[in-house]
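Participant: Sharing a structure here in structure tokens format.
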Amino acid sequence: MAGDISVLSLYEGFFSGGARILHSDVLAGLHGHGQRHRVLSIHGQAHREATLQRMQDDASYRKLVAAGLSVSALREGFSGPADFDEAELAAFEREVSGVDVVLTLKEQPLRLVNQAGARGKPVITCLHRSDPENQGPALAELHAAVNTGAVAALVCCAESTRAAYQAAGIPAELLEVIPNGVDARRFRPDRLARARLRRALGIASGAPVIAFAARYDLMKNVPLFLASAAAFLAAQPNAHVVMCGAGMTTANPHLTDDLALVGLETSSRVHRLGVRDDPQTLYAAADVVSLTSAFGEAAPLCLIEGMMCGAVPVATDVGDCAELVSGHGLITPADPEAIAAAWSEAAARGAEFAPALEVSRERFSRERMIAAYGTLIEQVHHGLTPAAAPAPLPERF
């Protein structure tokens, strides 16, 4: 593959989340098509959302390895000092010495770039939130990398991301929006998968089902979701709620406590499925995909994936949710009764929303997203910033 652009991606870790799923999908799609990609994770495992998550167990890790990418970790666990020792810096320098471009998944890995330097290689940082000032020291690390000239471009997954980072003092000319996309062949309505999962969970074929795919995190506002679920299940005696994601298990005592507060800790109509490698099955079995986040969201992957599987999206108004959901579902205030009512309305109007969801499949195309990432990497490699690039290079991905 002589002449291919060599790219190193830096991850903080392989803990479950939409940004890692999306970024790994991009790398798998670009690798071997004029570009050679590999990944260095700072940590080899994480303990987050009451869940131990090993790199080798992660679906994104397995996807990358299956696509032929080399994936390694700088540190075995998730603990360690903020600064990197000499051996770690030397290992990073070896990794970066043979590459043309460095990508970082979010701004957190820039602490390694800022300490070690990128040996003159241009850095593209991928941003996936709309609250840059709510992520500890990450914004300071981004400013430092921008000020030294290490960052050549910043990919924003949503317009709300671009606006938020520009408001936080990041130069507008570095910010490039590439909307999130999904694999339309994988995320699609599937009657057989719908029937199988419903049978496995003891859910009647005609029962309304709400899907909630999120990690157990403050930004996801799980208590609001559960309060809404309590109101919805009380009004709909045959309905069910299905939850998946890191921490969404019976082993998470915090989630159990939250359920107890709304009287659902023993409900047979609340299903806690944890981290799953087949979210498309969950969405296909659902009538509604819901998001109750309080802050931080940009263009939530769960809403896009759920829509593509035929579930009607219902979300609070954070990030780009209103724009994503417009014409396809409902935006609600952060009120349990209002959310429960919106779920009932969305489930009843599923057939009405179906044509708009089908038309949107091209808009949320994985191929379009991957091509845009590939073009930006080529432009940066050739010394063109997004603002200076005269025209997109040919799409070969």
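Participant: Can you give me the distance in nm between label points at Asp217 and Asp83, each placed 7 Å from the Cα along the Cα-to-Cβ direction?
Facilitator: Label at Asp217, label at Asp83, 2.9 nm between them.
Participant: If we sort 363-371, 209-217, 252-260, 277-285 on the protection proxy, mean other Cβ atoms within 10 Å, highest first, what's the order?
Facilitator: 209-217, 277-285, 363-371, 252-260
Participant: Taking 0.36 nm per intervening residue step and subtracting the Cα-Cα distance, what contour gain separates Ala322 from Gln56 on full extension?
Facilitator: That works out to 92.2 nm of additional length.
Participant: Then there is this: Roughly how many whole Å is it from the C-alpha centroid of the stretch 238-262 to that of the stretch 94-128?
Facilitator: Taking the Cα centre of each part, the stretch 238-262 and the stretch 94-128 sit 37 Å apart.
Participant: Separate question: If I stretch the segment between Phe295 and Asn147 completely, what's the gain in nm (0.36 nm per residue apart, minus their alpha carbon distance), one decimal?
Facilitator: 50.5 nm
Participant: Heavy atoms of the protein only, probe of 1.4 Å, neighbouring chains included. What is the accessible area of Thr249 in Å², nearest 10?
Facilitator: For Thr249, the solvent-accessible surface is approximately 40 Å².
Participant: If I stretch the segment between Ala334 and Ala140 completely, what's the gain in nm (0.36 nm per residue apart, minus their alpha carbon distance), one decimal?
Facilitator: So the extension gain works out to 66.8 nm.
Participant: Right, another one. Placing unit charges on C-beta atoms (Lys and Arg positive, Asp and Glu negative, everything else neutral), compute the dipole magnitude of the stretch 55-153 about its Cα centre in debye, rounded to 20.
Facilitator: 340
Participant: Which of Val312, Val151, Val359 moves the most in a Gaussian network model of the chain with Cα springs under 10 Å?
Facilitator: Per the Cα network of the chain with a 10 Å cutoff, Val359 tops the list.
Participant: A further question on this structure: Heavy atoms only, probe 1.4 Å: what % of the accessible area of the chain goes to carbon and sulfur, would you let me know?
Facilitator: In the chain, the share of accessible area belonging to carbon and sulfur is 52 percent.
Participant: Need one number: nm distance between label points at His382 and Ala67, each 7 Å from Cα along Cα→Cβ, rounded to one decimal.
Facilitator: Distance between label points: 2.3 nm.
Participant: Given a Förster distance of 25 angstrom, what is the FRET efficiency for Arg94 paired with Glu173, based on the Cβ-Cβ distance and rounded to 0.05?
Facilitator: Step by step, r from the Cβ atoms, then E = 0.20.
Participant: Now, a different point. Net charge within 15 Å of Arg185 by Cβ-Cβ distance, Lys/Arg positive one each and Asp/Glu negative one each, not counting Arg185 itself? Walk me through the numbers before you get to the answer.
Facilitator: On the way: positive: Lys63, Arg186, Arg188, Arg361, Arg366, Arg368; negative: Asp25, Asp183, Asp190, Asp278, Glu305, Glu358, Glu362, Glu367.
Around Arg185, the surrounding residues sum to -2.
Participant: From the square roots a ≥ b ≥ c of the eigenvalues of the alpha-carbon gyration tensor of the stretch 1-109, which class results: rounded (a/c under 1.5), prolate (a/b over b/c), or oblate? If you can, show how the numbers build up before the last one.
Facilitator: On the way: a/c = 2.14, a/b = 1.24, b/c = 1.73.
Note, shape of the stretch 1-109 comes out oblate.
Participant: So what is the 222 nm mean residue ellipticity for the chain from helices alone, if each DSSP H run of at least 4 adds -39500 (n - 2.57) and you divide by all residues, rounding to the nearest 500 deg cm²/dmol? Write out the running numbers ahead of the final one.
Facilitator: Numbers: 15 runs with 152 residues, N = 397.
That comes out to -11500 deg cm²/dmol.
Participant: Skip the ligands, DNA and RNA, and give the accessible area per residue of the stretch 141-250 with a 1.4 Å probe, whole Å².
Facilitator: That works out to 40 Å² per residue.
Participant: Given Leu357, Tyr11, Ser97, which one lies farthest toward the positive end of the charge dipole of the chain, if we put +1 on the Cβ of every Lys and Arg and -1 on the Cβ of every Asp and Glu?
Facilitator: Leu357
Participant: Shape call for the stretch 78-137 from the C-alpha gyration tensor, a ≥ b ≥ c root eigenvalues: rounded (a/c under 1.5), prolate (a/b greater than b/c) or oblate?
Facilitator: In terms of gyration-tensor shape, oblate.
Participant: So if R0 is 45 Å, what FRET efficiency would Leu192 and Gln115 give, r being the distance between their Cβ atoms, rounded to the nearest 0.05?
Facilitator: With R0 = 45 Å, the Cβ-Cβ based efficiency is 0.30.
The values are calculated or read from the model by the stated rules, or taken from the named source; none is laboratory data. Here the structure is a predicted model, which is why all the values come from computation and not from measurement. We place every Cβ from the backbone using ideal geometry, glycine too, and count neighbours over all the protein chains shown. Only protein heavy atoms, including side chains, enter the accessible area calculation; ligands, DNA and RNA are left aside. Shrake-Rupley method; radii C 1.70, N 1.55, O 1.52, S 1.80 Å.
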